[in-house]
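For reference, the structure is listed below as C-alpha coordinates.
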Amino acid sequence: MRPVAVLASRVRYEEKRIFAALERRGVPYAHVDTRRFSAELGREAASAGPPYAVALNREISHSRGLYASMLLEARGVPVVNRSGVIAVCGDKLRTSLELERAGVPTPRTAVALTPEEGVEAAERLGFPVVVKPLTGSWGRLAAAVRDRDAAQTVLEHRAALPSPLQHIVYLQELVDKPGRDIRVIVAGDKVVGATYRYSDGWRTNAARGARSEPCPLTPELVEPAMLAARAVGGGVLGVDLIEGPEGPLVLEVNHNVEFRGFQDAHGEDADVADAIVSHVLEAA
Ligand SMILES: Nc1ncnc2c1ncn2[C@@H]1O[C@H](COP(=O)(O)OP(=O)(O)O)[C@@H](O)[C@H]1O
Ligand SMILES: [Mg+2]
(Lines give C-alpha, C1' and ligand atoms only; values in the text may rest on other atoms or scores of the structure.)
(Ligands and ions follow the chains in the order given, each with its own letter.)
Protein backbone atom coordinates (compact mmCIF):
# COMPACT_ATOMS: atom_id res chain seq x y z
CA MET A 1 0.00 0.00 0.00
CA ARG A 2 1.24 3.49 -0.86
CA PRO A 3 1.79 5.56 2.26
CA VAL A 4 -0.50 8.17 3.72
CA ALA A 5 1.13 11.60 3.49
CA VAL A 6 0.86 13.97 6.44
CA LEU A 7 1.75 17.47 5.25
CA ALA A 8 3.13 19.77 7.93
CA SER A 9 6.07 22.07 8.30
CA ARG A 10 5.69 22.28 12.05
CA VAL A 11 5.02 19.13 14.05
CA ARG A 12 2.86 20.26 16.95
CA TYR A 13 0.98 18.33 19.64
CA GLU A 14 -1.77 17.63 17.07
CA GLU A 15 0.56 16.13 14.45
CA LYS A 16 2.25 13.95 17.07
CA ARG A 17 -1.16 12.57 18.08
CA ILE A 18 -1.97 11.92 14.42
CA PHE A 19 1.32 10.08 13.82
CA ALA A 20 0.63 7.98 16.94
CA ALA A 21 -2.90 7.15 15.72
CA LEU A 22 -1.52 6.02 12.35
CA GLU A 23 1.13 3.90 14.07
CA ARG A 24 -1.46 2.26 16.34
CA ARG A 25 -3.34 1.17 13.23
CA GLY A 26 -0.17 0.00 11.49
CA VAL A 27 -0.78 2.40 8.57
CA PRO A 28 2.38 3.32 6.62
CA TYR A 29 2.75 7.09 6.47
CA ALA A 30 5.22 9.73 5.40
CA HIS A 31 5.61 13.09 7.10
CA VAL A 32 6.00 15.58 4.25
CA ASP A 33 7.57 18.88 5.29
CA THR A 34 5.96 21.36 2.91
CA ARG A 35 9.11 23.52 3.05
CA ARG A 36 10.83 20.65 1.22
CA PHE A 37 7.98 19.96 -1.19
CA SER A 38 8.10 20.59 -4.93
CA ALA A 39 6.34 18.98 -7.88
CA GLU A 40 7.04 19.11 -11.58
CA LEU A 41 4.05 19.86 -13.78
CA GLY A 42 3.23 18.36 -17.15
CA ARG A 43 1.91 15.10 -18.58
CA GLU A 44 5.13 13.18 -18.16
CA ALA A 45 5.44 13.96 -14.46
CA ALA A 46 1.75 13.15 -13.98
CA SER A 47 2.06 9.76 -15.68
CA ALA A 48 4.06 8.42 -12.74
CA GLY A 49 0.71 8.16 -10.91
CA PRO A 50 -0.29 9.28 -7.42
CA PRO A 51 2.62 9.11 -4.96
CA TYR A 52 0.40 8.64 -1.89
CA ALA A 53 -2.76 6.70 -1.10
CA VAL A 54 -4.21 9.82 0.50
CA ALA A 55 -2.86 13.02 2.07
CA LEU A 56 -3.79 14.76 5.29
CA ASN A 57 -2.97 18.44 5.01
CA ARG A 58 -1.94 19.93 8.38
CA GLU A 59 0.12 22.79 6.96
CA ILE A 60 -0.15 25.93 9.06
CA SER A 61 0.97 28.31 6.29
CA HIS A 62 -2.13 29.20 4.31
CA SER A 63 -0.47 29.55 0.90
CA ARG A 64 1.73 26.45 1.22
CA GLY A 65 -1.24 24.43 2.47
CA LEU A 66 -3.54 25.61 -0.31
CA TYR A 67 -1.05 24.92 -3.11
CA ALA A 68 0.10 21.61 -1.63
CA SER A 69 -3.50 20.34 -1.75
CA MET A 70 -3.85 21.63 -5.31
CA LEU A 71 -0.64 19.96 -6.51
CA LEU A 72 -1.46 16.62 -4.91
CA GLU A 73 -5.02 16.70 -6.25
CA ALA A 74 -3.55 17.22 -9.72
CA ARG A 75 -1.59 13.99 -9.18
CA GLY A 76 -4.77 12.12 -8.32
CA VAL A 77 -4.16 12.01 -4.57
CA PRO A 78 -7.31 12.42 -2.45
CA VAL A 79 -6.49 15.21 0.01
CA VAL A 80 -8.09 16.14 3.35
CA ASN A 81 -8.83 19.02 3.26
CA ARG A 82 -9.31 19.67 -0.43
CA SER A 83 -7.90 22.87 -1.90
CA GLY A 84 -11.41 24.21 -2.59
CA VAL A 85 -12.27 23.84 1.09
CA ILE A 86 -9.05 25.57 2.18
CA ALA A 87 -9.71 28.44 -0.23
CA VAL A 88 -13.20 29.00 1.19
CA CYS A 89 -12.30 28.56 4.88
CA GLY A 90 -9.22 30.77 4.55
CA ASP A 91 -11.40 33.73 3.58
CA LYS A 92 -14.14 34.95 5.92
CA LEU A 93 -16.15 36.54 3.11
CA ARG A 94 -16.10 33.43 0.95
CA THR A 95 -17.08 31.40 4.03
CA SER A 96 -19.97 33.75 4.80
CA LEU A 97 -21.24 33.53 1.23
CA GLU A 98 -21.24 29.71 1.35
CA LEU A 99 -22.95 29.76 4.76
CA GLU A 100 -25.57 32.17 3.44
CA ARG A 101 -26.17 29.97 0.38
CA ALA A 102 -26.69 26.94 2.62
CA GLY A 103 -28.99 28.81 5.00
CA VAL A 104 -26.69 28.52 8.02
CA PRO A 105 -27.56 30.95 10.85
CA THR A 106 -24.79 33.56 11.27
CA PRO A 107 -24.45 36.99 12.91
CA ARG A 108 -25.58 39.88 10.68
CA THR A 109 -22.62 40.57 8.42
CA ALA A 110 -21.66 43.34 6.00
CA VAL A 111 -18.68 43.92 3.74
CA ALA A 112 -17.36 47.21 2.39
CA LEU A 113 -14.77 47.45 -0.33
CA THR A 114 -12.95 50.46 1.14
CA PRO A 115 -12.23 51.56 4.73
CA GLU A 116 -14.21 54.81 4.16
CA GLU A 117 -17.29 52.88 3.11
CA GLY A 118 -16.63 50.55 6.06
CA VAL A 119 -17.54 53.37 8.45
CA GLU A 120 -20.89 53.86 6.69
CA ALA A 121 -21.55 50.11 6.56
CA ALA A 122 -20.84 49.87 10.31
CA GLU A 123 -23.26 52.72 10.97
CA ARG A 124 -25.98 50.95 8.95
CA LEU A 125 -25.32 47.62 10.71
CA GLY A 126 -25.57 49.41 14.05
CA PHE A 127 -22.95 49.65 16.81
CA PRO A 128 -21.37 47.75 18.49
CA VAL A 129 -19.77 45.90 15.59
CA VAL A 130 -16.81 43.57 15.13
CA VAL A 131 -14.28 44.34 12.39
CA LYS A 132 -12.32 41.29 11.27
CA PRO A 133 -9.60 40.72 8.72
CA LEU A 134 -10.74 38.46 5.84
CA THR A 135 -7.82 36.12 6.42
CA GLY A 136 -6.11 35.11 9.65
CA SER A 137 -7.06 33.38 12.85
CA TRP A 138 -6.54 33.24 16.64
CA GLY A 139 -8.66 36.40 16.89
CA ARG A 140 -5.76 38.46 15.58
CA LEU A 141 -6.59 42.00 14.40
CA ALA A 142 -10.28 41.55 15.17
CA ALA A 143 -11.64 44.68 16.85
CA ALA A 144 -14.86 45.38 18.77
CA VAL A 145 -15.98 48.86 17.78
CA ARG A 146 -18.61 50.67 19.81
CA ASP A 147 -19.19 53.95 17.98
CA ARG A 148 -18.54 55.87 14.75
CA ASP A 149 -15.48 57.61 16.14
CA ALA A 150 -13.79 54.30 17.06
CA ALA A 151 -14.79 52.84 13.68
CA GLN A 152 -13.08 55.74 11.92
CA THR A 153 -9.90 55.22 13.94
CA VAL A 154 -9.76 51.45 13.42
CA LEU A 155 -10.48 51.78 9.71
CA GLU A 156 -7.93 54.58 9.25
CA HIS A 157 -5.38 52.14 10.64
CA ARG A 158 -6.63 49.53 8.21
CA ALA A 159 -6.23 51.98 5.32
CA ALA A 160 -2.59 52.49 6.33
CA LEU A 161 -1.77 48.78 6.00
CA PRO A 162 0.05 47.89 2.78
CA SER A 163 -1.98 44.81 1.80
CA PRO A 164 -4.99 45.63 -0.45
CA LEU A 165 -6.82 42.71 1.21
CA GLN A 166 -6.73 44.62 4.53
CA HIS A 167 -8.73 47.43 2.89
CA ILE A 168 -11.73 45.15 2.41
CA VAL A 169 -13.80 45.61 5.55
CA TYR A 170 -15.67 42.63 6.97
CA LEU A 171 -18.11 43.63 9.71
CA GLN A 172 -20.46 41.81 12.03
CA GLU A 173 -22.90 42.77 14.72
CA LEU A 174 -21.21 42.15 18.09
CA VAL A 175 -23.39 39.38 19.47
CA ASP A 176 -24.01 39.61 23.22
CA LYS A 177 -22.85 36.10 24.07
CA PRO A 178 -22.43 34.42 27.46
CA GLY A 179 -18.63 34.82 27.93
CA ARG A 180 -17.84 31.78 25.81
CA ASP A 181 -18.04 30.36 22.33
CA ILE A 182 -18.39 26.81 21.05
CA ARG A 183 -16.01 24.79 18.89
CA VAL A 184 -17.47 21.76 17.14
CA ILE A 185 -15.02 19.38 15.50
CA VAL A 186 -16.31 17.55 12.44
CA ALA A 187 -14.60 14.73 10.53
CA GLY A 188 -16.49 13.86 7.35
CA ASP A 189 -20.05 12.94 8.31
CA LYS A 190 -19.23 12.57 12.00
CA VAL A 191 -19.25 15.12 14.78
CA VAL A 192 -16.26 14.30 16.98
CA GLY A 193 -17.47 16.52 19.81
CA ALA A 194 -17.72 20.07 21.06
CA THR A 195 -16.11 22.34 23.64
CA TYR A 196 -17.05 25.58 25.27
CA ARG A 197 -14.22 28.10 25.28
CA TYR A 198 -14.42 30.53 28.16
CA SER A 199 -12.56 33.82 28.27
CA ASP A 200 -12.67 37.17 30.06
CA GLY A 201 -12.33 39.09 26.81
CA TRP A 202 -14.85 39.04 23.96
CA ARG A 203 -12.48 36.97 21.79
CA THR A 204 -12.64 33.41 23.08
CA ASN A 205 -9.91 31.80 20.97
CA ALA A 206 -7.97 28.98 22.62
CA ALA A 207 -4.84 30.64 21.21
CA ARG A 208 -5.68 33.71 23.36
CA GLY A 209 -5.77 31.58 26.50
CA ALA A 210 -9.46 30.66 26.56
CA ARG A 211 -10.29 27.68 28.82
CA SER A 212 -11.88 24.68 27.09
CA GLU A 213 -14.59 22.56 28.69
CA PRO A 214 -16.73 19.76 27.25
CA CYS A 215 -19.94 20.95 25.65
CA PRO A 216 -22.89 18.54 25.27
CA LEU A 217 -23.90 17.73 21.71
CA THR A 218 -27.49 18.77 21.15
CA PRO A 219 -29.41 18.79 17.85
CA GLU A 220 -29.58 22.59 18.20
CA LEU A 221 -25.78 22.62 17.90
CA VAL A 222 -25.03 19.64 15.69
CA GLU A 223 -27.44 20.74 12.97
CA PRO A 224 -25.92 24.16 12.17
CA ALA A 225 -22.37 22.79 12.66
CA MET A 226 -22.89 19.96 10.15
CA LEU A 227 -24.69 22.30 7.77
CA ALA A 228 -21.75 24.71 7.96
CA ALA A 229 -19.16 21.94 7.45
CA ARG A 230 -21.01 20.69 4.35
CA ALA A 231 -21.50 24.24 3.07
CA VAL A 232 -17.73 24.79 2.80
CA GLY A 233 -17.19 21.40 1.13
CA GLY A 234 -16.67 19.04 4.09
CA GLY A 235 -13.60 17.36 5.55
CA VAL A 236 -11.87 17.72 8.91
CA LEU A 237 -13.18 21.03 10.20
CA GLY A 238 -13.57 23.13 13.33
CA VAL A 239 -16.81 25.08 13.36
CA ASP A 240 -16.90 28.14 15.65
CA LEU A 241 -20.29 29.13 16.99
CA ILE A 242 -21.61 31.64 19.48
CA GLU A 243 -24.85 31.53 21.39
CA GLY A 244 -27.11 34.31 20.17
CA PRO A 245 -30.42 35.23 21.81
CA GLU A 246 -32.25 32.99 19.31
CA GLY A 247 -29.81 30.08 19.20
CA PRO A 248 -26.35 29.19 17.92
CA LEU A 249 -24.80 31.31 15.16
CA VAL A 250 -21.88 30.10 13.06
CA LEU A 251 -18.87 32.46 12.99
CA GLU A 252 -16.45 30.58 10.81
CA VAL A 253 -15.18 27.17 9.77
CA ASN A 254 -11.51 26.33 10.37
CA HIS A 255 -9.77 24.03 7.93
CA ASN A 256 -6.66 23.37 10.03
CA VAL A 257 -8.08 22.41 13.41
CA GLU A 258 -5.98 22.73 16.52
CA PHE A 259 -7.38 20.36 19.12
CA ARG A 260 -5.14 20.41 22.15
CA GLY A 261 -7.67 22.27 24.33
CA PHE A 262 -10.45 20.04 23.04
CA GLN A 263 -8.47 16.86 23.73
CA ASP A 264 -7.48 18.00 27.25
CA ALA A 265 -11.10 18.88 28.02
CA HIS A 266 -12.49 15.53 26.83
CA GLY A 267 -9.66 13.25 27.95
CA GLU A 268 -10.42 9.59 27.26
CA ASP A 269 -13.95 10.38 26.08
CA ALA A 270 -12.85 11.49 22.64
CA ASP A 271 -9.87 10.89 20.40
CA VAL A 272 -9.69 13.61 17.78
CA ALA A 273 -6.54 12.29 16.10
CA ASP A 274 -8.09 8.85 15.72
CA ALA A 275 -11.32 10.30 14.29
CA ILE A 276 -9.25 12.31 11.80
CA VAL A 277 -7.27 9.23 10.77
CA SER A 278 -10.53 7.24 10.32
CA HIS A 279 -11.87 9.89 7.99
CA VAL A 280 -8.61 10.13 6.05
CA LEU A 281 -8.49 6.37 5.50
CA GLU A 282 -12.09 6.47 4.27
CA ALA A 283 -11.07 9.15 1.77
CA ALA A 284 -8.23 6.97 0.41
N1 LIG B 1 -19.86 38.81 15.79
C2 LIG B 1 -19.31 38.43 16.95
N3 LIG B 1 -19.95 38.66 18.13
C4 LIG B 1 -19.37 38.27 19.31
N5 LIG B 1 -18.16 37.68 19.41
C6 LIG B 1 -17.48 37.43 18.26
C7 LIG B 1 -18.02 37.80 16.99
N8 LIG B 1 -17.13 37.44 16.04
C9 LIG B 1 -16.10 36.88 16.69
N10 LIG B 1 -16.29 36.88 18.02
C11 LIG B 1 -15.36 36.33 19.02
O12 LIG B 1 -14.05 36.44 18.50
C13 LIG B 1 -13.44 35.15 18.31
C14 LIG B 1 -12.69 35.13 16.97
O15 LIG B 1 -13.58 35.28 15.89
P16 LIG B 1 -13.59 34.29 14.64
O17 LIG B 1 -14.65 34.76 13.70
O18 LIG B 1 -13.70 32.87 15.11
O19 LIG B 1 -12.18 34.60 13.95
P20 LIG B 1 -10.72 33.92 14.11
O21 LIG B 1 -10.44 33.38 12.74
O22 LIG B 1 -9.79 35.02 14.47
O23 LIG B 1 -10.81 32.83 15.14
C24 LIG B 1 -14.61 34.17 18.36
O25 LIG B 1 -14.22 32.92 18.86
C26 LIG B 1 -15.61 34.87 19.26
O27 LIG B 1 -15.36 34.60 20.62
MG1 LIG C 1 -12.23 31.31 15.26
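The values are calculated or read from the model by the stated rules, or taken from the named source; none is laboratory data. All figures in this text were calculated on a predicted structure; none of them were measured in a lab. Neighbour counts run over all protein chains shown; Cβ positions are idealised from the backbone, glycine included.
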For this session: Return the total of residues in segment 119-143 being modelled with pLDDT of 95 or more and of a type in the set (Lys, Arg).
Result: 2
Exercise. Are any residues in segment 141-172 assigned to a helix (DSSP H, G or I), crowded, with 18+ Cβ neighbours inside 10 Å and in contact (Cβ under 8 Å) with a residue 40 or more places away in the chain, and if so, which ones?
Worked result: LEU155, ARG158, HIS167
For this session: Check whether at least one residue in segment 186-200 is near ligand 1 (Cβ under 10 Å from one of its atoms), buried (at least 21 other Cβ atoms within 10 Å of the Cβ) and in contact (Cβ under 8 Å) with a residue 60 or more places away in the chain, and report yes or no.
Result: yes
Seminar exercise, completed: If we ask which residues in segment 201-223 are loosely packed, with under 15 Cβ neighbours inside 10 Å and within 10 Å of ligand 1 (Cβ to nearest atom), their number turns out to be 3
Seminar exercise, completed: Taking segment 196-228 and keeping residues touching an Asp or Glu at 6+ places or on another chain (Cβ under 9 Å), at pLDDT 95 or above and under 23 Å from ILE86 (Cα atoms) leaves MET226, ALA228
Exercise. For VAL175, are the conditions met, namely being away from ligand 1 (no atom under 14 Å from the Cβ) and surrounded by 13 or more Cβ atoms within 10 Å (Cβ to Cβ)?
Worked result: no
Problem set entry | Filter result for ARG158 (at negative phi and either out of contact with any Asp or Glu (no Cβ under 8 Å at 6 or more places or on another chain) or of a type in the set (Phe, Trp, Tyr) (or both)) | yes
Exercise. Looking only at segment 24-54, which residues are within 11 Å of ALA8 (Cα to Cα) and of a type outside the set (Ser, Thr, Tyr)?
Worked result: ALA30, HIS31, VAL32, ASP33, ARG35, ARG36, PHE37
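Rundown of residues vs (1) out of contact with any Phe, Trp or Tyr (no Cβ under 7 Å at 6 or more places or on another chain); (2) under 25 Å from ILE182 (Cβ atoms); (3) part of a helix (DSSP H, G or I), yes/no style:
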{"site": "ARG17", "(1), (2), (3)": "yes, yes, yes"}
{"site": "ALA39", "(1), (2), (3)": "yes, no, no"}
{"site": "PRO51", "(1), (2), (3)": "yes, no, no"}
{"site": "SER63", "(1), (2), (3)": "yes, no, yes"}
{"site": "VAL77", "(1), (2), (3)": "no, no, no"}
{"site": "GLU100", "(1), (2), (3)": "yes, yes, yes"}
Exercise. With respect to PRO178, is the statement that it is in a loop (DSSP other than H, G, I, E, B) and either touching a strand residue (DSSP E or B) at 6+ places or on another chain (Cβ under 9 Å) or within 15 Å of ligand 2 (Cβ to nearest atom) (or both) true?
Worked result: yes
Problem set entry | Of all residues making up segment 206-220, the number that are farther than 17 Å from ALA275 by Cβ and either away from ligand 2 (no atom under 16 Å from the Cβ) or not in a strand (DSSP E or B) (or both) | 10
